[in-house]
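For reference, the structure discussed in these notes is given below.
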Amino acid sequence: MKMFSGIEASASGLTAERLRMDLIASNLANAESTKTESGGPYRRKVAIFEPRGARYSFRDILSKSFGTLPEGVEVTGVREDSSPFKRVYMPGHPDADEEGYVTYPNVDVTTEMVDLMAATRAYEANVTAIEAAKTMAQRALDLLRS
């Protein structure tokens, strides 16, 4: 077992949660964007997390007991949420269709805020885990000195 594997795992969590928070910020910033470069309304983006080593072969996983595979989490992709867009009747809006409906993004501000709170808590938990690992390493060094 490597001495700093806990720090590495938590650092990967920090990186993943930071990307998740960036995507949430983008979703909130575009919650009212009815037109994008592709022409339609903005579509909500979500990060896909997987444990590190999830794509390894049986041999690789078997050798994990020797500490050769990384631990933690990784972002394997960003996907667009396929939930339906919101349609609002606004006949005077410049982006209204022939029936008078405007198609708004599939971003729900309440859901995004709850996701942001969860991502923030996960980020804080990873920072706390890194601090605990650093404290344990420091105490181990102090024991060796005495």
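The values are calculated or read from the model by the stated rules, or taken from the named source; none is laboratory data. Source: prediction; values computed, not measured. Methodologically, a virtual Cβ is constructed for each residue, glycine included, from the backbone with ideal geometry; neighbour enumeration extends over all protein chains shown. Remember, those area values only see protein heavy atoms, side chains included, never the ligands or the DNA or RNA. Shrake-Rupley method; radii C 1.70, N 1.55, O 1.52, S 1.80 Å.
Worth pointing out:
- For I61: the one exception among (1) modelled with pLDDT of 90 or more; (2) surrounded by 12 or more Cβ atoms within 10 Å (Cβ to Cβ); (3) hydrophobic (A, V, I, L, M, F, W, C): (1)
- Tallying residues that are open to solvent by less than 40 Å² (accessible area, probe 1.4 Å), at pLDDT below 95 and within 22 Å of E8 (Cβ to Cβ) within region 38-58 yields 1.
- Taking region 1-31 as the range and being closer than 26 Å to K134 by Cβ, open to solvent by less than 30 Å² (accessible area, probe 1.4 Å) and of a type in the set (S, T, N, Q) as the test, the residues that pass are S5, S10, S12.
- Check on T68, hydroxyl-bearing (S, T, Y), over 24 Å from A129 (Cβ atoms), in a loop (DSSP other than H, G, I, E, B) and at pLDDT below 95: no
- Condition check for A122: open to solvent by less than 60 Å² (accessible area, probe 1.4 Å), at pLDDT 90 or above, under 19 Å from A16 (Cβ atoms) and out of contact with any Leu (no Cβ under 8 Å at 6 or more places or on another chain): yes
- Against the numbered list (1) at pLDDT below 95; (2) more than 30 Å from D97 (Cβ to Cβ); (3) surrounded by 14 or more Cβ atoms within 10 Å (Cβ to Cβ), T34 comes up short only at (2).
- Which numbered condition L141 misses (of (1) among the aliphatic types (A, V, I, L, M); (2) open to solvent by less than 50 Å² (accessible area, probe 1.4 Å); (3) more than 30 Å from S38 (Cα to Cα)): (2)
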